[in-house]
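Written out below as structure tokens is the structure these notes cover.
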Amino acid sequence: MVAPSPSWWRVALQILRRVALFVLAFALIGALLFVPPATVLSEWADAFPLRARLYGDIAGAISILAATWVMTRFVDRRPFRTIGFSGRNVLRDLATGLAVGIGWLAASIGGLWAAGWASPEAPGANGGRRGRIRVARQP
């Protein structure tokens, strides 16, 4: 006999529970990486803005990876490599990720440009060395 499938609300609650656990794990791990060095980071923000931004990006990536590991290890009870960290098809996965990222960014900027909310900025404008996209801001 086939077991009855769970109703849609049970599936929705399980998804909501897992998302909430992931957000909680990410917040706790992120707090461990951002709160202790907060005074150093505030000094870096003025003196070394690139270094402070790099720390934030790396700490955020570590927080996401650690929260994902916690979820796969203790909630899903499966190996970490099952979420895309196996050694097989590395080049194909990297190429697919790069293509999706470029496409997503192009669609976002293209949508802003089509709506008239973004325009290209010439290289050297505002003291910059490279061309940029200027996005209109609402006051």
Checklist line | Unique residue being in a helix (DSSP H, G or I) and either surrounded by 11 or more Cβ atoms within 10 Å (Cβ to Cβ) or small (G, A, S) (or both) when the list is T39, T68 | finding: T68
Margin query: I need the full set of residues from the stretch 76-125 which are assigned to a helix (DSSP H, G or I), modelled with pLDDT under 90 and under 26 Å from A20 (Cα atoms), in order please.
Written below: F80, R81, T82, I83
Check: Of the numbered conditions (1) charged (D, E, K, R); (2) touching a helix residue (DSSP H, G or I) at 6+ places or on another chain (Cβ under 9 Å); (3) loosely packed, with under 10 Cβ neighbours inside 10 Å, R88 satisfies every one except a single condition; which is it?
Finding: (2)
Check: When you go through A45, A20 one by one, which is the residue that is part of a helix (DSSP H, G or I), open to solvent by less than 80 Å² (accessible area, probe 1.4 Å) and within 15 Å of V75 (Cβ to Cβ)?
Finding: A20
Notebook entry, point to check: Which one of these does G60 not meet: (1) loosely packed, with under 12 Cβ neighbours inside 10 Å; (2) at pLDDT 90 or above; (3) under 30 Å from L33 (Cβ atoms)?
Noted result: (1)
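The values are calculated or read from the model by the stated rules, or taken from the named source; none is laboratory data. Values in this document were obtained by computation on a predicted structure and should not be read as measured data. For neighbour counting, all protein chains shown are included, and Cβ atoms are generated from backbone atoms with ideal geometry for every residue, glycine included. With ligands, DNA and RNA removed, areas are computed over all heavy atoms of the protein, side chains included. Shrake-Rupley method; radii C 1.70, N 1.55, O 1.52, S 1.80 Å.
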